[in-house]
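Have a look at the structure below, then the notes.
The values are calculated or read from the model by the stated rules, or taken from the named source; none is laboratory data. Source: prediction; values computed, not measured. Quick reminder, even Gly has a Cβ in these numbers, built from the backbone with ideal geometry, and neighbours come from all protein chains shown.
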Amino acid sequence: MMITMTSRFQVIAAVWLLSSPLVTAEGEVVPLFDFEGEGLQEQWTAAGTAAAAQVASTALEGAPLDGVKEKCMTIKTTDGGMVYSRPGLVPADWRTHPALRLHLHRPASQKEKRLILDVMALDDDGIGQLWRRLDLEPFTGWACIDMPLRFFGPGDGRILRWDGIRRFGLRVVGTAEFSVDSISLLPPGSGPTALLDANELSGIAFGKPAGDFLKHEKGFLLLTDVQGVDFKPLICEMEDAVARVASWLPLGDADPGDPPVLVIFSKEDGYRDFATRYAAAIMREIASPQSDGYTINGVATAFWDPSQGLRRPTFLHEFVHSLVEKHMQLPNRSEWFQEAVANYLQQQFRPMKEYPPMITKAVVDPAFQIPLPQLCNGQPISTNQYWQCFTLFDLFLSDPTMRERLPQLIDAFRKTGNTDLGPHLEPIFATDWKTLDTRWRAFTLGRFAQRH
């Protein structure tokens, strides 16, 4: 289960209206764009109502800050819009850098208007995105702004890692006029890296560095403030879960600095409040989850229930969501494929004896189903459909031909950034919805009728 992040933001970004040197004690910044050369139109594209032009910085009001050079890019929009660079003009690997620095200018005509920007790192076609919102109080003249990379969040497309950056973009909300100059990365060693580490994650979750909260860190992280419990049995099951998923699917490698993670809270309130705390860090707005477990941006979370202890099913269920997202670069949006893998593994470790009779009834009763094209369209599904998606996944694993083609399906999902099965059904599995539906019903009925 995961909570979808909304598109409405109200957290104000920090702005330093100070002179900021281009050289720090730790080393030189890495320049991305300074707008001094010719060829702005060849390097940048404007979309929507945005229009961009190269202008002289000295022609703008206010004294320039250190780092502002002779020329900059002025952007005007009437109803939103975006400017973005062509691919290959920025370094591909930003993992070791702590923050992005940019210099922004507002003219006197904008002195009473907020400036709202989405600052974006993108891949070649822009489907993969890492971005953070700037919601700035009105100001005029130049401002130097540092944005911590570890608190950029994902977009709605494919997962983009910090070592796969290809271009840079600014998405404007509403009507605006501003200029930008000297876009750069702060040097490695001048602050925390682009990857959120265990200590900072623990700080958001529990208010303190990892310390005793960190129960496991080899291959995956387990963080919890539950006291007086030996978590070794759960860790062994999590290791087993990794091995099982790897036997089914092309798991791939997670970034060593960004492994799968499960956070277990001792109190339900702490678990439910974590969503809003994490959202504030990445400048997003999400509601407190109503479910017993959820995964956001690859961070799986749940809370302790003494009556279930380590065998609470949601622990492994949510861990699989993190595992699939971090290793396979498939985002968790509560859609059919993520829920299929998580529920399939959950049934192996925590089988529910009521499932066989329930599924035997549901597979022949349309009232308990939704059509497979709707189930597998990549959109969030309800918990009522979990049985459908994991039995379909059971068919994929049980059929030798379909199983050997799962790597092709994963690759297609990763490239498109969603798990809509429709476009890949015929090219990869050489079948159609009607045939698949017939096979799925027969397989599922046979499988669970035997158990019932």
Quick check: is even one residue across the range 362-372 closer than 30 Å to L234 by Cβ and either assigned to a helix (DSSP H, G or I) or of a type outside the set (V, I, T) (or both)?
no
Which one is surrounded by the fewest Cβ atoms within 10 Å (Cβ to Cβ), of the residues in the range 137-194 that are of a type in the set (S, T, Y) and in contact with a helix residue (DSSP H, G or I) (Cβ under 8 Å, 6 or more places away or on another chain)?
T140
If you scan the range 72-103, which residues turn out to be more than 26 Å from D163 (Cα to Cα) and not β-branched (V, I, T)?
C72, M73, K76, D79, G80, G81
Taking interchain pairs and intrachain pairs at least six residues apart, which have beta carbon atoms under 6 angstrom, with the first residue in the range 306-330 and more than 16 Å from Q347 (Cβ to Cβ) and in contact (Cβ under 8 Å) with a residue 40 or more places away in the chain and the second assigned to a loop (DSSP other than H, G, I, E, B) and of a type in the set (S, T, N, Q)?
E325/N332
Restricting to the range 167-195, name every residue that is closer than 18 Å to G155 by Cβ and of a type in the set (G, A, S).
G169, A194
Residues of the range 417-429 being of a type outside the set (D, E) and either outside the structural domain of F443 (by TED's automatic domain parsing) or not in a helix (DSSP H, G or I) (or both), which ones?
G417, N418, T419, L421
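Which of the residues belonging to the range 235-260 are among the β-branched types (V, I, T) and touching a Ser or Thr at 6+ places or on another chain (Cβ under 6 Å)? Reasoning before the result, please.
If we filter the range 235-260 for residues that are among the β-branched types (V, I, T), which is where we start, we get 235, 242, 245.
Once the filter is applied, which keeps residues that are among the β-branched types (V, I, T) and touching a Ser or Thr at 6+ places or on another chain (Cβ under 6 Å), the range 235-260 yields nothing.
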Criterion: at pLDDT below 95 and part of a helix (DSSP H, G or I) - qualifying residue of P351, P356, P407:
P356
List the residue pairs whose Cβ atoms are under 6 Å apart, where the first residue sits in the range 89-111 and is acidic (D, E), the second is at pLDDT 95 or above, and the two are 6 or more positions apart or on different chains.
D93/D163
Residue by residue through the range 373-392, note down the ones that are touching a Cys at 6+ places or on another chain (Cβ under 7 Å) and either part of a helix (DSSP H, G or I) or surrounded by fewer than 21 Cβ atoms within 10 Å (Cβ to Cβ) (or both).
L375
Do any strands (runs of 3 or more DSSP E) lying entirely in the range 121-235 carry at least 1 residues that are in contact (Cβ under 8 Å) with a residue 40 or more places away in the chain, more than 18 Å from the chain's Cα centre (by Cα) and within 30 Å of G62 (Cα to Cα), and which ones are they?
129-136, 141-148, 167-172, 176-185
Quick one: which of R441, R414 is under 30 Å from L122 (Cα atoms), assigned to a helix (DSSP H, G or I) and of a type in the set (D, E, K, R)?
R414
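Yes/no matrix, rows are residues, columns are (1) at pLDDT below 95; (2) assigned by TED's automatic domain parsing to the domain that holds D305; (3) over 25 Å from V341 (Cβ atoms); (4) out of contact with any His (no Cβ under 9 Å at 6 or more places or on another chain):
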site: A210; (1), (2), (3), (4): no, yes, yes, yes
site: L222; (1), (2), (3), (4): no, yes, no, no
site: G228; (1), (2), (3), (4): no, yes, yes, yes
site: E237; (1), (2), (3), (4): no, yes, no, yes
site: A246; (1), (2), (3), (4): no, yes, no, no
